[in-house]
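Visitor: Shown below is the structure under consideration.
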Amino acid sequence: MSKVALAVKLPAAAGKGNELAAAMEEALDHVRQESGTRYYILHADTSNPDILWMYEMYDSQADLDAHMGADWFKQLGPKLAPLFGGAPEFHFLRPIAGKGL
C-alpha cells in the first residue's frame, strides 16, 4: 500500500480554539480540489477546547509532497500564526489496514 497519513496536533492559543478551527476552513477549501487527498479531517479535542487534531491521508508520498509544497499551504501558516499557542506536531503514519482503504 502506498498511502501515507498524518495526525497533526494543532495547539491554539488560550481561548482561540474556535477561531483556529474557523480559520482552517481556508485549508479545507483548497484540499477539496486536491485529487490525491483522501482524508483531511479536522477534529476538536474533547478534553481541551484549545487543541485541534487533523487527520490526513494521501494516495502517495508525492500527493503529500504536493499538498505541503503548494503555494496556498505556505501562505496559510503566517495567517494562522497568531492563533497558535505552540508549534503544530506532525506525526507521519503508514496505513496498514482498515475500512475505507
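Visitor: Return a yes/no flag: does the range 68-80 have any residue that is in a helix (DSSP H, G or I) and under 11 Å from the mean Cα position of the chain (by Cα). Before the answer, list the steps.
Guide: Step one: filter the range 68-80 for residues in a helix (DSSP H, G or I), giving 68-69, 71-80.
Pick out the ones that are also under 11 Å from the mean Cα position of the chain (by Cα) and you get 68, 73.
Yes, some residue in the range 68-80 is in a helix (DSSP H, G or I) and under 11 Å from the mean Cα position of the chain (by Cα).
Visitor: Can you pull out the residues in the range 50-67 that are touching a residue at least 12 places away in the same chain (Cβ under 8 Å) and in a helix (DSSP H, G or I)?
Guide: Going residue by residue through the range 50-67, those that are touching a residue at least 12 places away in the same chain (Cβ under 8 Å) are 50-64, 66-67.
Answer for the range 50-67, where residues must be touching a residue at least 12 places away in the same chain (Cβ under 8 Å) and in a helix (DSSP H, G or I): Q61, A62, D63, L64, A66, H67.
Visitor: Another question about this same structure. Yes or no: I96 surrounded by fewer than 11 Cβ atoms within 10 Å (Cβ to Cβ) and either hydrophobic (A, V, I, L, M, F, W, C) or in contact (Cβ under 8 Å) with a residue 24 or more places away in the chain (or both)?
Guide: Working: surrounded by fewer than 11 Cβ atoms within 10 Å (Cβ to Cβ): yes; either hydrophobic (A, V, I, L, M, F, W, C) or in contact (Cβ under 8 Å) with a residue 24 or more places away in the chain (or both): yes.
Spelling it out, I96 is indeed surrounded by fewer than 11 Cβ atoms within 10 Å (Cβ to Cβ) and either hydrophobic (A, V, I, L, M, F, W, C) or in contact (Cβ under 8 Å) with a residue 24 or more places away in the chain (or both).
Visitor: In the range 1-26, which residues are over 19 Å from D50 (Cβ atoms) and either at pLDDT below 95 or assigned to a loop (DSSP other than H, G, I, E, B) (or both)?
Guide: M1, S2, K3, E26
Visitor: Which one is surrounded by the fewest Cβ atoms within 10 Å (Cβ to Cβ), of the residues in the range 32-67 that are within 14 Å of the chain's Cα centre (by Cα), of a type in the set (A, V, I, L, M, F, W, C) and within 19 Å of L101 (Cβ to Cβ)?
Guide: Of everything passing the filter in the range 32-67, I41 is surrounded by the fewest Cβ atoms within 10 Å (Cβ to Cβ).
Visitor: Looking only at the range 73-90, decide whether some residue is buried (at least 16 other Cβ atoms within 10 Å of the Cβ), of a type outside the set (S, T, N, Q) and touching a Lys or Arg at 6+ places or on another chain (Cβ under 7 Å).
Guide: yes
The values are calculated or read from the model by the stated rules, or taken from the named source; none is laboratory data. If you're wondering where the values come from, they're calculated on a predicted model, not measured in any experiment. So basically every Cβ, Gly included, is an ideal-geometry build from the backbone, and we count neighbours across all protein chains shown.
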